[in-house]
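See below for the structure under consideration.
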Amino acid sequence: MANKNELNYDVVVVGAGNAALCAAIAARENNAKVLVLEKGPKKKRGGNSFFTDGAIRFAFNGLEDLRRVIPSITDEEADKIVMPPYTKEKYYADLMEATGNQSDQELASHLVNESYETIKWMHSHNIIFELIYDNQSFLKDGKYHFWGGLPVKTKDRGVGLIKQLNERAEELGIDVWYESPAVQLIKDDDQISSVVVNKQGENVTVNTKSVVLACGSFEANKKLRVKNLGEEWGNAIVRGTEFNTGDGLSIAFEVGAQPFGDWGGGHAIGTDANAPKVGDFTKPGDIFKKHSYPLGIMINKDGYRFVDEGADFRNYTYAKYGREVLKQPDSIAYQIYDQQVRPMLRDEYDREEATVFTANTIEELADQLDVNREQFIETIKAYNNAVQDGEYKPAEKDGKKTAGITPPKSNWALKIEKPPFYAFPVTCGMTFSFGGVRANGKAEVLNKDDEPIKGLYAAGEMIGGIFYKNYPGGSGLMSGAVFGKTAGTSAAKYVQETSVKNG
């Protein structure tokens, strides 16, 4: 019989973000008694998912597939939409291209092949989706033409997603403990038998047959960032929750989990230089990011450009360009725009939180910035002189490029010549680390012999081997949901199987 400090659950889910709650819901619908552990207080629940803008990438065959999960699209609205399919083959190719063909094939295939089915499953659990009109489509001849394979987001961004997932978890009778991190996994006869939880300051033992680790990676741990990614990563802003400090990884390794994936890389973007040092739960929704750089140029404090801003759509470059900003002097760069493109910038540039400098001449703009003035002016002059003729088409790769400068700008190269001129200072914001534990397509955590650790599963950032160096935008949220659903289902089935074996 359990004493007062022991409790019993079929499945314990460590974490309370998108991946964790999908795991909890999947386990519960498979008749498991489920406990969710949230390290933070209730007012700071939801992990990194709370801070996302909600874009979620999945494979679909056309608008009718989307209407099945967004029933609010009317026939009249549908008649004004041109929606190219985003096939499984295209998604897989995009993932492999972004990761340099390093993404584990089993994990990548599972993510892609289960993406739409998982979206339908989430819809069945009252998660609301919407089309992304503002930066994933353009209006032409009275119709909205979507592009880039990322037309859908969750309603009210990450805030709405976490709210809806928690509401569903409560409806299903899933228990949630706040301020209750898992501190140790315990095995008995080579399988998980319990988890020690620091429940609001007191250690309690929860007896369980399976545990799903879905509590993020180590991006909020400065010491681990520096150790694994390099000294300069101590300067990175933490864009999301302060609670993703690698605890789940540590307790997994203690029971024999295999480290896996790109431990020297992570999702890092250009974010406002004056953004909070860690995610501010009172200002969610990814409001500090600065993702319109393909429409302008970026210049460092020494006055030089350092990336090809037009190499590809921002969906395929933003997650790696953050680290390029980090490499610059003082980890700062300035995004430069003129009035030609200012109305096209994303909504985060219009927020009161956005830091911006404005001037009527390039010289006056340079005077306001902490840059090498002469080189800054010369760089813009050289860029303008290098811009080639061609038709400017911001919604497609237009091939309007520069010639004779390094780095080049391969698309969307317009001269910076129409005042007023704008400079937005950005730094590197770390979203999540790519290193994690090794898992298979059933979300089972593997040991160093590539064998499953009985009763241990992982989802979300905890799984390594999916993303390397870069990733296609919206894939992180999708990966969390896919592997969360898989982990919860696998964990519940394992409980059923072991119960039958034990009579």
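The values are calculated or read from the model by the stated rules, or taken from the named source; none is laboratory data. Everything numeric in this text was worked out from a predicted model, so none of it was measured. Backbone-built Cβ (ideal geometry, glycine too); neighbour counts: all protein chains shown.
For this structure, a couple of remarks:
- For region 185-196, filtering for residues that are in a strand (DSSP E or B) and more than 20 Å from Ala27 (Cα to Cα) leaves 4.
- Test: residue in region 396-414 that is surrounded by fewer than 18 Cβ atoms within 10 Å (Cβ to Cβ), charged (D, E, K, R), out of contact with any Ser or Thr (no Cβ under 9 Å at 6 or more places or on another chain) and at positive phi: no
- Qualifying strands (runs of 3 or more DSSP E) (wholly inside region 406-503; at least 1 residues being closer than 16 Å to Ala23 by Cβ and of a type outside the set (Asp, Glu)): 444-446, 452-458
- Among the numbered conditions (1) over 20 Å from Phe60 (Cα atoms); (2) modelled with pLDDT of 95 or more, the only one that Pro151 does not meet is (1).
- Qualifying residue in region 201-223 (condition: part of a helix (DSSP H, G or I) and either in the same structural domain as Gly484 (by TED's automatic domain parsing) or modelled with pLDDT of 95 or more (or both)): yes
- Qualifying residue in region 163-184 (condition: out of contact with any Lys or Arg (no Cβ under 9 Å at 6 or more places or on another chain), part of a strand (DSSP E or B) and among the hydrophobic types (A, V, I, L, M, F, W, C)): yes
Residue-by-condition table, conditions (1) of a type in the set (A, V, I, L, M, F, W, C); (2) touching a residue at least 40 places away in the same chain (Cβ under 8 Å); (3) in contact with a helix residue (DSSP H, G or I) (Cβ under 9 Å, 6 or more places away or on another chain):
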{"site": "Asp189", "(1), (2), (3)": "no, no, no"}
{"site": "Ile192", "(1), (2), (3)": "yes, yes, no"}
{"site": "Lys199", "(1), (2), (3)": "no, no, no"}
{"site": "Thr208", "(1), (2), (3)": "no, yes, yes"}
{"site": "Val212", "(1), (2), (3)": "yes, yes, yes"}
{"site": "Glu232", "(1), (2), (3)": "no, yes, yes"}
{"site": "Asn235", "(1), (2), (3)": "no, yes, yes"}
{"site": "Asn244", "(1), (2), (3)": "no, yes, yes"}
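- Scope region 402-413; condition over 12 Å from Phe313 (Cβ atoms) and within 30 Å of the chain's Cα centre (by Cα); matching residues: Pro407, Pro408, Lys409, Ala413
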